[in-house]
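The values are calculated or read from the model by the stated rules, or taken from the named source; none is laboratory data. On a predicted model such as this, the values are computed, not experimentally measured, just so you know. We place every Cβ from the backbone using ideal geometry, glycine too, and count neighbours over all the protein chains shown.
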Amino acid sequence: MAMSSILNADDIKKALDAFAVADSFDHKKFFEIVGLKSKSPDDVKKVFTVLDADNSGFIEEEELKFVLKGFAKDGRDLTDKETKAFLKAADKDGDGKIGIDGKNETSKSDHECLEQGSPTPALEDYHPATFRFTSAPKCLNSLTSIHSSLQ
């Protein structure tokens, strides 16, 4: 799947041009310019899938270095400094990789919630424009990493 089938090609070009110089990358501004901030959770998941080059379900540091190439083939590589800063902002559980929900596996508190009959809210309940879930869940441990890193 091409990124231009999810995001506007002109917005992608504007974002890549805005951060063409090494050490200028700001993931929040980049995602805002490409229009990801206003996309649905399904579209965010599609973008995540495109960026997950090895289809592991995670974006690891090595993949993150080439994240701009995921938006366009002529995108530049992130510097080590940019890559580490982006990973630090988006890796919510500290495992060195980014999962679609910021977690490597279900946490103990999620298991407890499920046992008590109170499931963690589904990604479909997440409203990206307000960075909130539409329902009021009793148990909530993380949001989508990409969206939460936009705040």
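A few notes on this one:
- Considering the stretch 66-93, and only residues there that are in a loop (DSSP other than H, G, I, E, B), basic (Lys, Arg) and modelled with pLDDT under 95, the residue that is farthest from ALA20 (Cα to Cα) turns out to be LYS92.
- Some residue of the stretch 6-20 being buried (at least 16 other Cβ atoms within 10 Å of the Cβ), within 17 Å of the chain's Cα centre (by Cα) and part of a loop (DSSP other than H, G, I, E, B): yes
- Residue match in the stretch 33-52 (condition: hydrophobic (A, V, I, L, M, F, W, C) and not in a helix (DSSP H, G or I)): no
- Unmet criterion (only one of (1) touching a helix residue (DSSP H, G or I) at 6+ places or on another chain (Cβ under 8 Å); (2) under 20 Å from ASP91 (Cα atoms); (3) modelled with pLDDT under 95; (4) not aromatic (Phe, Trp, Tyr)) for THR49: (1)
- Restricting attention to the stretch 41-92, the residues that are within 19 Å of LYS28 (Cβ to Cβ), in contact with a strand residue (DSSP E or B) (Cβ under 6 Å, 6 or more places away or on another chain) and without any contact (Cβ under 8 Å) to a residue 24 or more places away in the chain add up to 1.
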